[in-house]
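The structure appears below as structure tokens.
The values are calculated or read from the model by the stated rules, or taken from the named source; none is laboratory data. Keep in mind that this is a model prediction, so the values were computed, not measured. Note that we place each Cβ from the backbone using ideal geometry, even for glycine, and neighbour counts take in every protein chain shown. We work out accessible area using only protein heavy atoms, side chains counted, and drop any ligands, DNA or RNA first. Shrake-Rupley method; radii C 1.70, N 1.55, O 1.52, S 1.80 Å.
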Amino acid sequence: MPSDSSQTTRNWRVAVIGSGPAGMYAAEALLKRGAAVDVFEKEFAPFGLVRYGVAPDHQKIKRTQAVFERTLNDPALRLFTSVEIGRDLHVEQLRDHYDQVLVALGCPSARDLEIPGERLENSVSATDLVNWYNGHPRFVTAAPSLRTQRVVVVGMGNVAIDVARILLREPADLASTDISSSALDTLRHSQVREVILLARRGPNQAAFEEKEVRELAALPGIVVCTDGYTSRRKTPKSIFLSSFPRASATPLEHKRVVFHFCMSPKEVLGTTSVQGVRVERNTLVESAARMKAVGTGKFSEIECGLLVRAVGYHGVAVPGIPFCDATGTVPNAEGRVLDRQDGEVVRGMYVTGWAKRGPTGLIGTNKSCAQETVALMESDLDQVGPLRDEQDIKQLLGEKVRYLSKEDWNQLNAWELSEGKRLGTARRKILSHAEALAVLDH
Ligand code: NAP
């Protein structure tokens, strides 16, 4: 096979851990510079956030997948999916088999609020919710209960806006996307009429992009309004937000999204399941780096049946890879992994994407981030010693794991697209490794 022969003809061998945008942009840059690349992915399907993070009604952004497919089909790249590094293969084994190891794990987990009641039923992270509606194999059964009129989303970034939009928009409008069919079914029976977005700071500090809110406001049957908070300092964002009406206290005529400012959640209320959230009014105080939210001691309660925390993603530790719990990232100097924050360089180990710089930026931001790391990897090539283990990783893997290759993925991808075509959707997602095997064996 061409991919195998390239492994022996090219003498710069790199293992990339993770096939999301960070890993795929890095693979592209490595291939251009002449490396042979093996990409390892924990899930059966590649492409991480593009498949499981981008909202299903943002199909234009999901088209980045076509770019990644081209990279994937380069003869000098091999793909091993359903392989978890740290469980199926140890990082040390990769370091024995490859000249360099590139960590592109992203930030697959969510930050916590660290308040009482956070673990009640129907208190969920946006990360889990987004994975659920995107058909992530580990979250297919993680449906929240939508038997409530009001949802509170903590945080005011683009993820919070995505969640509000998917919870409120007409399910019929989602039917032609690649949303998970079971999530769509749950949304069809949803009673949600109102989503309250809670920002701990003011309109000027809101993290979303205006175009995301414009999209929300343009949807039929959804009204966007605010709590009427006005900023003393006028910026484009506060002027934009003041163009929306103040939410009325009268019964809801339409579904609506309400932006609440200067409020921090202090406790999720309920006995077994969420019944509300206790919030504290904040005031804003100028501090050296940024405006800080400071509690005023004035509390109130908001009734709701679902609480979503959309306060940012967080990395996860993998055995053998240095990790800083406070930042949720891999300690590094511009992409060279360090054994701890401000520590020594771990020779031959690199990092890119959210695992390197934290969970900010758009899909495309990973391209320049990857180029920076890959340039360092190339400049370090003269430090690479002989491989400690010359055998192909396939032999080691084959004995342990039923991994899938890129040829398998190409077949699964074609099946998803043709099934989607038959059903009138963008793609019909395969929801588990077992289902993927069944499709391959058919
Ligand atoms: P984000 O942009 O960092 O927003 C996080 C929000 O959570 C902020 O409003 C933040 O407020 C708030 N927050 C953090 N800690 C909090 C706490 N303890 N209590 C209350 N609020 C808290 O993160 P994100 O929305 O998860 O997005 C991640 C990245 O993906 C972003 O770069 C985003 O642009 C990108 N993304 C893009 C799209 C798109 O293009 N359509 C869609 C989704 C995601 P403070 O500012 O006060 O900290």
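Descriptive notes on the structure:
- Computed Kirkwood radius, in angstrom, where 1/r is averaged over Cα pairs of the chain: 23.2
- Quotient of C-alpha Rg and 2.2 N^0.38 Å, computed over segment 111-309: 1.00
- In units of the compact-protein estimate 2.2 N^0.38 Å, segment 1-135 shows a Cα radius of gyration of 1.20.
- Seen from every direction in turn and averaged, the convex hull around the alpha carbons of segment 33-110 projects onto 6.3 nm².
- In Hz, Karplus ³J(HN,Hα) per residue of segment 224-231 (6.51, -1.76, 1.60; θ = phi - 60°; x = Gly, Pro): 9, 9, 10, 7, x, 4, 10, 8
- The relative contact order of the chain, computed from alpha carbon pairs under 8 Å that lie at least 6 residues apart in sequence, is 21 percent.
- The relative contact order of segment 111-309, computed from alpha carbon pairs under 8 Å that lie at least 6 residues apart in sequence, is 29 percent.
- Filter on 266/292; 60/421; 237/292; 42/356; 32/421 - keep pairs with C-alpha separation over 23 Å: 32/421
- Computed E for residue 33/residue 109 - FRET, C-beta separation, R0 22 angstrom, nearest 0.05: 0.10
- Karplus-derived HN-Hα couplings along segment 38-54 (A = 6.51, B = -1.76, C = 1.60, θ = phi - 60°), whole Hz, x at Gly and Pro: 10, 9, 10, 9, 5, 7, 6, 10, x, 5, x, 4, 5, 7, 10, x, 5
- Loop-located GluC sites (Glu not before Pro) in segment 303-411 (DSSP state not H, G, I, E or B) with no more than 16 neighbouring Cβ atoms inside 10 Å: 334, 344, 390, 399.
- Largest-first principal axis extents, alpha carbons of segment 79-166, Å: 55, 25, 24
- Average 1/r across all pairs of distinct alpha carbons in segment 283-442, invert it, and you get the Kirkwood radius: 21.0 Å.
- Inter-label distance, nm, simple model (7 Å from Cα along the C-beta direction), residue 234/residue 434: 6.1
- Among beta bridges from DSSP that stay inside the chain, the antiparallel ones total about 40%.
- Å² of accessible area per residue within segment 10-90, as computed with a 1.4 Å probe and no ligands counted: 29
- DSSP-defined antiparallel bridges as percent of all bridges, segment 111-309, nearest 5: 40
- Expressed as a whole percent, the accessible area of segment 111-309 that falls on carbon and sulfur atoms is 48 (1.4 Å probe).
- Segment 251-318, Rg to Rh (Cα coordinates; Rh as Kirkwood inverse mean 1/r): 1.05
- The mean sequence separation of alpha-carbon pairs under 8 Å and at least six residues apart, normalised by the residue count of segment 1-131, gives a relative contact order of 33 percent.
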